[in-house]
Structures are given as structure tokens and as C-alpha cells.
Amino acid sequence: MIDERNTFGQVKRRDSRLQTLTTLAASNYLLTFLAAVLILYFGRTLFIPLSFSLLISLVLYPFCKWLENKGIPRSLSIAIGLISFSVLIISIIMLLVQQFILFTKEWPALQQKLTHVIDSTRSHIDQFYLDNSLGETGFLETIMQYGYDHVLPAIPEALYVSSISAVLLVLIPVYVALILFYRDILVQFLFSIIRSSRHHYVRNILPGVITTYYSFIKGMALVYLIVAALNTSGLAIIGIPNPIFFGFIASILTFIPYVGITIGALLPIAVAWLKYDSVLYPIGVVIVFTVVQILEANLIFPIVVSKKLKINALVAIIVIIAGGIIWGASGMILFLPFVAILKLVADQMKETEPISILLGGS
């Protein structure tokens, strides 16, 4: 009997110690997570351009490495890669700007219709607020006063943020060039901070991550191009003005699951309604984007990219919202690719299999 009581007491004490250790481990993980969030938030001025630079470096590395294997010096290879990438981005921006200029030429006709709608709506709202003791000022004057009180004071801050963003935009190519040039030192540093018993993981995973991510980016670029072409064709068929502009914008926004295509459809729906004054054209826009979204999710993406880097919609939306909270618009763009890289790493290691299951799609 005494031995049984002693054994029971030992088991109880062991379970208590185990529970305490588990609680401490959970607390350490939570503190580490909170510390990381705070560092990312307060250090966003540094980390945002560095993150963009790192992702661009991963994309350019295979091309630069190929040039180096052809006998071209590293510095020249990096310069060629950066110039090629810059030309591609500038070309896309110029195309969108050109389409936006064409859209502005349509604006006077749309403005006339929009003014009529606003005047009609304002008269109803003014009457409503007049009946609710807003007096003769009306609803429009109330909005103007709100803008004077709240919008105008925010303009200097917006200009300051824009100037900071312009400086960071200049820094990104510099960071990319330096990351690619000093990549050997960065890899050596990575080996030095990881236990020697895990060096084989780095040797096996790092090249695969770079290659797979490069293939993923190429595939996604092709997906966006196909979706943009389908959007543009559908909008052109039903007669929506500036279909290229609306088609490309909606294509780019598809990186936000489900929500992005809805946001991308709002402007062409409004333009269709204002231009034709018929509900059939907005319905046509909805049908076009719905069909393209179904094709992208079930046919285009699986064929072009495969599901290897597919992040399930729940995690993707949470990551995008978290990125927006921590880093604003930049976080909404950056956090998802880094989670995709995390999934790539998790796929390669047995102990991180739960993370791979959590992030993966069906």
C-alpha cells in the first residue's frame, strides 16, 4: 500500500512538472511571437524595403547565376538582371498609365451621368437630414465640413509618407544588388548561426527553395497574364470601355482570395452602369469575373503553377489582414510570399509537417 502511494505521488509530481514545463514553453513561444511582431512593426521602415529586396533577389538569382556560368562577371550579371527586371516593371506600369489616360477621356461623359445621380441622391438625403434638424446646410455641406476638419490636416502626413516611400523605392535596387553580390557571405552567416547537425538541412533545402520559388513566381506571372487576357476579352465582348485597364487591375487583385476579384469588379460594374444605364451590363461584368475566377482556381492555377505552393484561403486571408495591420499595404503584398516560402521549408522537414498541413490547400 505504501509503495502504491509513493508511486502515485511520484507520477503526480512528474505530471505536475510536465505541465509546468509545457506552460513555460507555451509562454516562451507567445513572448517570442509578440517580440517578433513588435520588432516587425517598429522596424518596418527598415524591414519593408529589405523584404521586397529579398524577394526580388530570389527571383533574379537563377538568372544572374546563369549569366555568371556563361562567364559574365557577377557585378555585370546583377546589373543586367536589375535592368531587365526594371524594364519589365516599368513597361507594365506604363501600360496601366496609358489605359488610365484613355479611361480619363471617357470621364466627362461618365461625370455628367454621375453628377445627375449624385444630385438626385443628394436631394433625397438633404430632405432626410432637413427633416432631422440639419437645417439648410444640407448633407453635402456637412461632408465638406468633415473634409475640412479631418482630411486637410492629414495631407502633410500623407506627403511625408509619400516622400519616405520614394526614398525606400530608390533603396530597393541597391539592397537587391548588395544581397546578390554578397550572397556567399550571407549563406556562410546562415551556416554559422545554425547547429552543425542541421547544416544538411540548409544544403538540401536552400537550393530547392530558391528554384521552386523562382518557378512559382514565373508561374504566377503567367497566371496573372492569362487572367488579365481573359478579363480583358470578356469585358471587351460586352462593351465595357477600357477593358485592358480593368482586366489587368482585377487580375493583379486576385492575389487576395475571393475578396480581390470582388474589389477589382466594383469599378467596371460602376462604369458599366453609368455608361449604359442598364442592369444587364453590370450583371455581364459579374458573370465575366465569376467565370474567370472559377477557371483560375480550378484549371489555370493547377496546370500552370501546380498546388505545391497553394496556401489555403483561410490562412491566406488571415496573413493578408495581419500584414496590413503590421506593415500596411506593403504587408498585404509581402506576408503571403513569405508564408509560401515557410510552407516550402516546412514541406522539406519532418518535424515541421504540422505547419505544412496547416498552410496547405486541399
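Here, each number is a calculation from the coordinates, and none is a lab measurement. The model shown is predicted, which means the values in this text are computed figures rather than measured ones. Don't worry about glycine lacking a Cβ; one is built from the backbone with ideal geometry, like all the others, and counts go over all protein chains shown.
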What ranking, highest mean first, results for peptides 237-250, 327-340, 210-223 when packing means the other Cβ atoms within 10 Å averaged over each residue?
237-250, 327-340, 210-223
Please list 52-58, 346-352 highest first by mean number of surrounding beta-carbon atoms within 10 Å per residue.
52-58, 346-352
Given a Förster radius of 41 Å and the C-beta distance between residue 202 and residue 225 as r, what FRET efficiency does 1/(1 + (r/R0)^6) yield to the nearest 0.05?
0.75
Label-to-label distance, nm, for residues given as residue 42 and residue 237 (7 Å Cα→Cβ offset)
5.6
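Please compute the net charge surrounding residue 60, taking Lys and Arg as +1 and Asp and Glu as -1 over other residues with Cβ under 13 Å from its Cβ. Don't skip to the end; give the middle numbers.
Working: positive: 65, 74, 183, 218; negative: 68.
Net of charged neighbours comes to +3.
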Tell me, what HN-Hα J-couplings in whole Hz come from the Karplus equation 6.51 cos²θ - 1.76 cosθ + 1.60 at θ = phi - 60° for each residue of segment 327-338, using x for Gly and Pro?
10, x, 4, 4, x, 5, 8, 7, 5, 5, x, 5
Karplus-derived 3J(HN,Hα) from phi for segment 179-184 (6.51 cos²θ - 1.76 cosθ + 1.60, θ = phi - 60°), whole Hz, x at Gly and Pro, runs 4, 5, 6, 9, 4, 5
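What is the calculated FRET efficiency for residue 350 to residue 72, with r their C-beta to C-beta distance and R₀ = 41 Å, to the nearest 0.05?
Calculated value: 0.55.
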